[in-house]
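These notes are about the structure you will find just below.
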Amino acid sequence: MKKTRRNNQKRNRFSILFPILTIVGIGIIIAFVTNYEPNWSYNWSGIRTEIKDSIKVSELRGITSGIGGMGISTKSEVYRRRWIMRNATESELLKLTEYPNGTVKAIAYEGLLRKKEFTNRTNLTLRAIQDTTYLVDYQSGCIGWNREIGEYLIQDVLMIDDQIPPFPPEMQTEFGLTKIDKEKILSEYKKRPKREY
């Protein structure tokens with residue numbers, strides 16, 4: 001009899017503990033799934049620590065024109081972005097075009113476009129136009145909005161969008177794109193489906 005009672009006590013404890021552990025386990029899984037960010041599983045191999053640290057800050061800050069709300073300067077963000085583009089290698093920037101965040105992707109695409117030794121600018125820009133999964137958080141003055149990566153590159157980096165007023169020549173940078181390259185890029189840019197704002 002004593003053995004039966006002891007087994008029943010163990011069984012009773014387990015029958016009480018099992019539902020509680022099940023509920024706690026399901027709660028943990030739900031909390032993880034609902035809060036999961038794709039960048040948690042990004043493979044950083046091949047990217048140096050100093051680039052990674054700067055990317056992590058840029059990811060949170062977005063991209064600005066250099067002027068924030070109330071006229072406050074956001075030059076530190078601009079300097080950080082330029083530092084990443086100047087100091088990251090071509091292979092690091094190419095890898096960062098796969099990062100699951102629009103701001104980081106835009107920095108990587110822009111950095112590659114600005115690298116003098118990078119020659120495949122047309123195909124890279126065409127790829128950026130198709131890269132619409134993640135949007136760029138962009139701020140200019142008091143206004144902030146989400147933009148497609150291709151839109152940011154065409155309008156603010158390459159400055160070749162013929163649907164907006166042209167920038168003064170002293171503000172434009174020459175990227176070595178031929179007239180045919182620009183026409184090809186603009187043609188693909190205009191074909192993209194328009195987003196609802």
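Per-structure values
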item: Cross-chain or 6+ apart pairs with Cβ under 9 Å, region 30-59 first and in contact (Cβ under 8 Å) with a residue 40 or more places away in the chain and on the phi > 0 side of the Ramachandran plot, then surrounded by 14 or more Cβ atoms within 10 Å (Cβ to Cβ) and in a helix (DSSP H, G or I); result: GLY46/GLU92; GLY46/LYS95
item: Filtered residue count, region 133-160, keeping only those that are under 17 Å from the mean Cα position of the chain (by Cα) and assigned to a loop (DSSP other than H, G, I, E, B); result: 4
item: Hits in region 170-197 (condition: closer than 15 Å to ARG127 by Cβ, open to solvent by 100 Å² or more (accessible area, probe 1.4 Å) and touching a residue at least 24 places away in the same chain (Cβ under 8 Å)); result: LYS184
item: Region 118-132, subset open to solvent by less than 30 Å² (accessible area, probe 1.4 Å) and free of Cβ contacts under 8 Å to residues at least 40 places away in the same chain, residue farthest from the chain's Cα centre (by Cα); result: PHE118
item: All positions within region 66-117 that are touching a helix residue (DSSP H, G or I) at 6+ places or on another chain (Cβ under 6 Å), free of Cβ contacts under 8 Å to residues at least 24 places away in the same chain and not acidic (Asp, Glu); result: GLY66, LEU93, ALA108, LEU112
item: Residue count for region 78-117, restricted to those that are surrounded by 15 or more Cβ atoms within 10 Å (Cβ to Cβ), assigned to a loop (DSSP other than H, G, I, E, B) and of a type in the set (S, T, N, Q); result: 2
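The values are calculated or read from the model by the stated rules, or taken from the named source; none is laboratory data. What you see is a predicted model; the values in this text were computed from it and never measured. Here Cβ is always computed from backbone atoms with ideal geometry, including for glycine, and neighbour counts include all displayed protein chains. The accessibility values were calculated without ligands, DNA or RNA, using every heavy atom of the protein model including side chains. Shrake-Rupley method; radii C 1.70, N 1.55, O 1.52, S 1.80 Å.
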